[in-house]
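The values are calculated or read from the model by the stated rules, or taken from the named source; none is laboratory data. As the structure is a prediction and not an experimental result, all values here were calculated from the model. Cβ placement follows ideal geometry from the backbone for every residue including glycine, while neighbour counts extend to all protein chains displayed. Note: areas computed on protein heavy atoms with side chains; ligands, DNA, RNA excluded. Shrake-Rupley method; radii C 1.70, N 1.55, O 1.52, S 1.80 Å.
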Amino acid sequence: MDVDQEKVEQTVLALLHITSYKVHQTLRAWKGHDWQVMNLLYEKGYISDPATKAKSVALTEEGAKLSKELFEKLFAKK
């Protein structure tokens, strides 16, 4: 099967919105998603480096905004 990697990345970023929470004014999300996708999101500047012992990643300002937008676009009832 030929997979649209961009759609996978957008879906994972949208799903990070569900598990996001604030810690000291920083939005964080649990990182229980595919490592390759998480690394691509990191390389694009949407999240902090997922290759740490922490069980969560920090969303950048741009990543948090896009995460919310994608979640609403993909999952909101219309």
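The table for this structure:
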item	result
Positive-end residue of LEU27, THR60, ILE47, charge dipole of region 27-66 with Cβ unit charges	LEU27
Accessible carbon and sulfur surface of the chain relative to its total accessible area, %, 1.4 Å	55
Surface per residue (accessible, 1.4 Å probe) for the chain, Å²	70
Shape call, the chain: gyration tensor on alpha carbons, a/c limit 1.5	oblate
Spacing of the two label points (7 Å from each Cα toward its C-beta) at LYS77 and TRP35, in nm	4.0
Label-point separation, TYR21 to MET1 (7 Å along Cα→Cβ), nm	3.2
Kyte-Doolittle mean at least -1.0, axial Cα span of 15 Å or more - DSSP H helices of the chain	5-18, 61-75
